[in-house]
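A.B. asks: Take a look at this one; I'll ask things after.
The values are calculated or read from the model by the stated rules, or taken from the named source; none is laboratory data. Model, not experiment: these values are computed from the prediction. All Cβ positions, glycine included, derive from the backbone under ideal geometry; neighbour counts span all protein chains shown. Only protein heavy atoms, including side chains, enter the accessible area calculation; ligands, DNA and RNA are left aside. Shrake-Rupley method; radii C 1.70, N 1.55, O 1.52, S 1.80 Å.
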Amino acid sequence: MFKIASSKVGPGLMAATLALMSCQDKTASVSQSLFLQAIQLQTDYQDYVRLIPSPDQAQVIYYVPTNGGVLMENGKPRLSVRQSGNALRVAGAFKTGGYDKVLNSLRNELRAQGFILAPAPIKKANADYLLAATRLPSGRFDVRCAESGAIRSCQIWDEQAERPGLGTTDIRRFQATFPTAATVADRMFFNFEVDAEPYHDLVQDFLNTGLEWDSFFIGKVDWLLNIQKPSEQLRLTIAWDRLAASARQVIRACQGSCSAQELRDWFQNHLDQPDSVVQIGEGRTQDIDFIFDHEVRPRLFVELIERGGSQNENTRYFTLRLQADIENLGVQDLAWDVPRQDAGPGSQESLYRIECVNGAVDQPLTLASASSFCPL
């Protein structure tokens, strides 16, 4: 692979470079990395957006937000903490996008080299969350599930208070309120509501200090991109009630938290056995992992993240979630479009945090502008 020394590269030469890399290297992620290195951008964008070269338009570079925060309305955070009887309710909205200075700088740099910056087109966006938990010496998380009869819910153990903490049913699945006609990963928001009573003192500490809420939960958006060449279609028949019962069994076998690979193997076992829980119709069986990770798993399980740590692709763990209506779905015939693996990434993930917010329970909340760690 040759190198390009100059940071001022014309679009014709860069298009040829991308084409050559595509021919010489069939691994899309490596080709994209080399392509972006060749451009040699000066803007510090990595903490704000992920850049993805278009696989079929040589002059277009797409971006996807990598993180975000609480939606602001008239200078105030759209976030509330209310006491309702014995329940502490945290409700609000996260926003995507909003890095105008970074995007403008990137857009100007790329335009000077003959490129166009555009938000990545998407097929859909799934809003979800990560729950903070304590990792055990075994590598699993300290999650304890009901053992009387069938497991219906699990709770993260609060080691400091030595009592059950947040239950996996206490956070309602985020309801994405993306614009109806939204087709790109930009300028969107989604609502959430949390029953935070087990963490009353922790939440008040967040509001006193303005620190980030990562030791509680983090919002997440899974963007299913629409930048690939025509995709394959995979058809599955799923008996959701029986799959939900099996999900409770696998979480019990994993002692409360299963790794991403353990769950993939569990799902594959249903395909390998003639038990009619999951049956594959049309499509390539090698696409099963993509469909499971992005469409099936989010309905059954919730992801955990280490307190004070960061998400690690190689050690991702999940516990039981089960949407309330999942067992009432019965048998469904479903079809999904699966991106070609040689045409760039099929998905990207963005994380959304609450931070830099001051106030008190049942009081209006404000931005913690006086805090040195809040870049306001």
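A.B. asks: So which of 362, 333, 325 ends up being open to solvent by 20 Å² or more (accessible area, probe 1.4 Å), under 30 Å from residue 133 (Cβ atoms) and at pLDDT 85 or above?
C.D. replies: 362
A.B. asks: Could you count how many residues in the range 219-243 are at pLDDT 90 or above and open to solvent by less than 10 Å² (accessible area, probe 1.4 Å)?
C.D. replies: 4
A.B. asks: Mind checking which residues of the range 244-286 are among the aliphatic types (A, V, I, L, M), touching a strand residue (DSSP E or B) at 6+ places or on another chain (Cβ under 7 Å), surrounded by fewer than 17 Cβ atoms within 10 Å (Cβ to Cβ) and modelled with pLDDT of 85 or more?
C.D. replies: Listed by number, the list holds a single entry, 271.
A.B. asks: Ok, one more. Any idea which of (1) in contact with a strand residue (DSSP E or B) (Cβ under 7 Å, 6 or more places away or on another chain); (2) at pLDDT 85 or above is the one residue 208 doesn't satisfy?
C.D. replies: (1)
A.B. asks: Give 150, 182, 161 a once-over and let me know the one that is outside any strand (DSSP E or B), at pLDDT below 85 and closer than 21 Å to residue 352 by Cα.
C.D. replies: So the residue among 150, 182, 161 that is outside any strand (DSSP E or B), at pLDDT below 85 and closer than 21 Å to residue 352 by Cα is 182.
A.B. asks: Any idea which of (1) assigned to a strand (DSSP E or B); (2) open to solvent by 10 Å² or more (accessible area, probe 1.4 Å); (3) under 23 Å from residue 211 (Cα atoms) is the one residue 118 doesn't satisfy?
C.D. replies: The single condition residue 118 does not satisfy is (3).
A.B. asks: Hey, another quick one. For the range 253-276, how many residues are more than 25 Å from the chain's Cα centre (by Cα) and touching a residue at least 40 places away in the same chain (Cβ under 8 Å)?
C.D. replies: Count: 0.
A.B. asks: Mind checking whether some residue in the range 288-302 is buried (at least 20 other Cβ atoms within 10 Å of the Cβ), touching a helix residue (DSSP H, G or I) at 6+ places or on another chain (Cβ under 9 Å), at pLDDT 90 or above and more than 14 Å from residue 247 (Cβ to Cβ)?
C.D. replies: No, there is no match, as no residue in the range 288-302 is buried (at least 20 other Cβ atoms within 10 Å of the Cβ), touching a helix residue (DSSP H, G or I) at 6+ places or on another chain (Cβ under 9 Å), at pLDDT 90 or above and more than 14 Å from residue 247 (Cβ to Cβ).
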